[in-house]
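S.K.: Please find one structure pasted underneath; my questions will follow.
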Amino acid sequence: MNSCLIHSDNTSLLELDQFARSDIYFKIPKNEDVDIYMSELIRDELNPLKPNVIFIKYALDHEYLSFWGLRLAHHIRLSREFPSICDLPIVFVGEESIGELIKIADLYHILSTPGIYYVSEDLLKVQTILTNFEKKALPGLRDFNSYLEKIHISPPANYGTRHSFENKLAIKTWSKALGIELPSSTIDHNIYFKYRLQEMTRSISSDDSFKLPNISSKAKVLLIEDEFEKGWDTLYKTLFSESKGITFNSLASEFKTFESIISDFKKIYAKIDPDIILLDLRLTENDTHESNIEEITGYKLIKTIKSMNPGTQVIITTASNKASSYQATITSGADYFIEKNSRSIDKIDELVDSISDAAKEARFLKPFIRSLKNLRKNIRFKRINKDQDEYDFLIEQLNFYSELAIDTAKNKTIVDRFSLSLVYLYNILEKITDYYLEHHQKGTYKFRNGKPTFKFNITDKGFKQTQSYKHLSEKQKFYNLYYYLNKEIDLEISKGINTLFSYRNNFLHGVLPDNFKLLEELYASGDSRVFQSKFKYYYSSVLDFINALRLPETKY
Amino acid sequence: MSKVLLIEDRLDRMNHFLKMRNLDLSQFDILDTTHEANFLNIKQQVNEKDLQLFNGLDVLMVHQSAWSLDELKIIENYCESSQKTLILFTGGNTASHVSLNPYPLLRIHVNDFYSKNLELYLKEFHSTNESNLAILQYGKKWKLSALMEARNNIAVYLQRYRSANNFEARYSNLEIPDILFEMEETFQINLVWYKQGVEQNASNALQDTLTKLTAAIRSEIYQL
């Protein structure tokens, strides 16, 4: 039987022979961190002694109200890397009653966990308890979960420190799941960190190796995370190592102020044009004291990113689990929200799914939105008359429907978002024809400046025009418009408009020909290339048509 | 005249704590607080190892992270040689810890530092002209620390030397915290036996003191 006694020369147990060669003197060096000292004491002094039972004074180092003994016992239990000592029976020694400890010691919960015993400064009682240990009548901790479930260790009161802890815990948990060894740091010794880490990783068995995903989509991913150099960069690189289509970068910034981060972000944005941004919310020192989410750097960055291209997908990866953070970021434009410090490693799966999904979204949304923004830039048309209000209204309508088309295409809650988005683009064409053409008489149309309309017969080889005195179909209106402004008909553009016209009618009238598939079906089928090429063909038809109508000097 | 100097570089954080916790440090004329300009001036003087500006002070309260290791060493050496009390507060993740030798040093988390305990500590300092770090560390509970230490020491003493039946011989081995003598009246603890020297038959007196200490501890705890 090897009984170890941890004391500060403040116990009568030193009189007993059983502890003569197995006592550890506890004295925290002047400038040493308490938790680091305790961790090192366990590693360098307690573990080599190979005891069978550990006696600890409640009060150590003459700081009676700190109850370092309770803290040290927690450290022993949480030091799972030392399996021969972490579950040993622990006997607390002191005059303190359980009632007193419950009232004044923060870490008293350990007293009610299995494998814990107490004795006062009474050598007869100590002898009795030692005899019981000799007979193996008093067991240690048999089930670590029964300890974890009964204890509570408070997080740091300071939000900044707590947030930093949660972030580091997430790195540790995720890296453990991914089988990555990160270099140790001083925070590893902190008692709250040890506790939370055990709590979060107890369900991860060393046999449960996480299979690195193979994300089939192509995407350029940018990480914006102030602690990217403290493990996140390595972790994500490992996570994407089997996904050949994923290009990963981290924003290199000092993360001092919002302005400096924006400046660094714009540089890398111009260089790599990211499809997906993994964004932490709290990025600067000031963020740690900020309770108003709208003032937090990450939150403000969402708006900047979305103003540059709303198709860029923003995945919030945060150590905050506040429902208000989720709500506020999603409302401000973030597309996904991943809670990094969740106890479950399912969050890694959730992140991978989000990236796959975001890659698919960004792939079609970014070029779609960029094309629409280019179209609107400096757009001007030949005026049909001198009425400024009518002309301004046309431009207003163009902006309104193009915004509506964007908002609809990126709104995943709208079941037929792609088809509807095309309908809104088509509305722009209708508004332009309304500006140039007017109903004349008996169903005929004329240009509003009195010029006549024609009936166009378009074939693969060219087109023929004849004077028209009959009702003009929508398609004939578009041909007239094109001819009026360009003095020719572009066969490719006309073909595109015809195809879009058919798609729109099929969608709106709900009569779908055989082999016809709505864009939504193509998207859901998983073949994103077919979906992307079809969608691009349809919206490009409208945009090319409108571009051809604008004044030559404003065409792009 | 100022006896305590609070050297803070992060005034925003300090003001945040003061406001949040409704603390008014301006009521203590024994306390001087740095502002940004004189913080830089102090830093320069520390680097030049010219610490005369600390000469009239008893206590230095210093934000640990504002200084390099070399600068901290200079401050610590100065406190050791002049036996001044040093309080290092930090936003890191350390637990509060006090050491009295070779000079009084308290390392404390910033969250615990900017608290009502700071006001209690300064009030006590103002009225007694003595720095009682236990007040800053434990607040209203501070007396328990001395009561519990005394109870433990007497219990250990009784166990160690009961068989020897000669208390007097080992009398020098019994330590009673100095502060406890100031609490004798408050808690009706009679320490005459200690002051006059432990006699052969002091066992009863020690046992009686133990009982009174336990009663005092319980009384203090239930008042928290």
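S.K.: What percent does the relative contact order of chain A come to when contacts are Cα pairs within less than 8 Å and at least six residues apart?
M.R.: 8 percent
S.K.: Further, regarding this structure: Quickly rank B:4-14, B:71-81, A:359-369 as a protection proxy: mean count of other C-beta atoms within 10 Å, highest first.
M.R.: Listed from highest to lowest mean packing, they are A:359-369, B:4-14, B:71-81.
S.K.: Set Lys and Arg Cβ to +1 and Asp and Glu Cβ to -1, take the dipole of the protein assembly as shown about its Cα centre, and tell me which of A:SER307, B:PHE28, A:ALA405 lies farthest positive.
M.R.: So the residue we want is A:ALA405.
S.K.: Return the Rg/Rh value of segment A:20-60, two decimal places, where both radii are evaluated on C-alpha atoms and Rh is the Kirkwood radius.
M.R.: We get a ratio of 0.96 for segment A:20-60.
S.K.: Moving on. Over the whole of A:182-195, what's the average partner chain Cβ count within 10 Å per residue? Rounded to a whole number, please.
M.R.: So the per-residue partner count for this stretch is 1.
S.K.: Considering only C-alpha atoms, what is the centroid distance from segment A:353-369 to segment A:177-249, in Å?
M.R.: Cα centroid to Cα centroid, the span is 23 Å.
S.K.: Just need log10 I(q)/I(0) for segment A:408-556 at q = 0.14, 0.19 Å⁻¹, Debye formula, equal scatterers on the alpha-carbon atoms, no solvent, rounded to two decimals.
M.R.: Values returned for q = 0.14, 0.19 Å⁻¹ are -0.75, -1.19.
S.K.: How would you classify segment B:1-106 from its alpha-carbon gyration tensor, with a ≥ b ≥ c the square roots of the eigenvalues: rounded for a/c under 1.5, else prolate if a/b is greater than b/c, otherwise oblate?
M.R.: Taking the square roots of the gyration eigenvalues as a ≥ b ≥ c, segment B:1-106 is rounded.
S.K.: According to the Kirkwood expression over distinct Cα-Cα pairs, how big is the hydrodynamic radius of segment A:427-487, in Å?
M.R.: Kirkwood hydrodynamic radius for segment A:427-487: 11.8 Å.
S.K.: Return one number: the angle in degrees, 0 to 90 and rounded to the nearest 10, between the long axis of the Cα atoms of helix B:142-161 and the longest principal axis of the Cα atoms of chain B.
M.R.: For helix B:142-161, the angle is close to 40 degrees.
S.K.: So, with +1 on the Cβ of K and R and -1 on the Cβ of D and E, and no other charges, what is the size of the charge dipole of segment B:9-65 about its Cα centre, to the nearest 20 debye?
M.R.: So the magnitude is around 280 debye.
S.K.: Quick one: compute a quarter of the convex hull surface over the Cα atoms of segment A:44-185 and quote it in nm².
M.R.: Computed as one quarter of the Cα hull surface, the answer is 10.4 nm².
S.K.: Dipole magnitude of segment B:97-169 about its Cα centre, charges +1 at Lys/Arg Cβ and -1 at Asp/Glu Cβ only, in debye to the nearest 20?
M.R.: Roughly 260 debye, rounded to the nearest 20.
S.K.: Mind pulling the angle between the C-alpha long axis of helix B:69-82 and the longest principal axis of chain B? Nearest 10 degrees, somewhere in 0 to 90.
M.R.: 50 degrees
S.K.: I've got another one for you. Across chain B, what fraction of all alpha-carbon pairs, as a whole percent, falls in each successive 10 Å bin from zero upward?
M.R.: 7, 28, 28, 19, 13, 5, 0
S.K.: Is the shape of segment A:172-329 best called rounded, prolate or oblate, per the rule: a/c under 1.5 gives rounded, else a/b larger than b/c gives prolate, else oblate, with a ≥ b ≥ c the square roots of the Cα gyration tensor eigenvalues?
M.R.: It is oblate, given that a/c is not under 1.5 and a/b is not larger than b/c.
S.K.: Which order results if A:MET308, B:MET61 are arranged by neighbouring Cβ count within 10 Å, fewest first?
M.R.: Sorted ascending by nearby Cβ count, the order is A:MET308, B:MET61.
S.K.: What list of ³J(HN,Hα) couplings, whole Hz, do you get for segment A:230-241 from phi and the Karplus terms 6.51, -1.76, 1.60, once you set θ to phi - 60° and write x for glycine and proline?
M.R.: Once θ is set to phi - 60°, the couplings for segment A:230-241 become 9, x, 5, 4, 4, 4, 5, 4, 5, 4, 9, 5 Hz.
S.K.: Moving to a separate point now. Report, for chain A, the % of DSSP beta bridges that are antiparallel, rounded to 5.
M.R.: Percentage antiparallel, nearest 5: 25.
S.K.: I've got another one for you. Given axes a ≥ b ≥ c from the Cα gyration tensor, I'd like to know whether segment A:500-556 is rounded (a/c under 1.5), prolate (a/b larger than b/c) or oblate.
M.R.: It comes out oblate by the Cα gyration axes.
S.K.: Once every DSSP H run of n ≥ 4 in chain B is given -39500 (n - 2.57) and the sum is divided by its residues, what mean residue ellipticity at 222 nm do you get, rounded to the nearest 500 deg cm²/dmol?
M.R.: It lands at -15000 deg cm²/dmol.
S.K.: Any idea what angle helix A:68-78 forms with the longest principal axis of chain A, computed on alpha-carbon atoms, 0 to 90 degrees, nearest 10?
M.R.: Orientation of helix A:68-78: about 60 degrees from the principal axis.
S.K.: May I pose another question? Roughly how crowded by other chains is peptide A:58-67, in terms of the mean Cβ count from those chains within 10 Å of each of its Cβ atoms?
M.R.: 6
S.K.: Let me ask something else. Can you give the Kirkwood hydrodynamic radius for segment A:280-429, in Å, rounded to one decimal and based on Cα pairs?
M.R.: Computed over Cα pairs of segment A:280-429, the Kirkwood hydrodynamic radius comes out at 17.7 Å.
S.K.: Given segment B:50-111, what whole percent of its Cα pairs are spread farther than 18 Å?
M.R.: So the pairs more than 18 Å apart make up 32 percent of the total in segment B:50-111.
S.K.: Let me ask something else. Per residue of A:98-105, count partner chain C-beta atoms within 10 Å of its C-beta, then hand back the mean as an integer.
M.R.: Neighbouring Cβ atoms belonging to other protein chains average 3 per residue here.
S.K.: Also, quick follow-up: Size of the dipole of the protein assembly as shown about the Cα centre, Lys and Arg at +1 and Asp and Glu at -1 on the beta carbon, nothing else charged, in debye to 20?
M.R.: Around 4820 debye, computed over the protein assembly as shown.
S.K.: Suppose the Debye formula is applied to equal point scatterers at every Cα of the protein assembly as shown; what is log10 I(q)/I(0) at q = 0.06, 0.11 Å⁻¹?
M.R.: These q points yield log10 I(q)/I(0) values of -0.58, -1.23.
S.K.: Still on this structure: Average the reciprocal distances over every distinct pair of alpha-carbons in segment B:1-50, invert the result, and give the Kirkwood radius in Å.
M.R.: After inverting the pairwise mean of 1/r, the radius is 12.0 Å.
We did not get these values from a lab; they are worked out from the coordinates using the rules stated. Given the structure is predicted, the values throughout are model-derived calculations rather than measurements. Neighbour counts run over all protein chains shown; Cβ positions are idealised from the backbone, glycine included.
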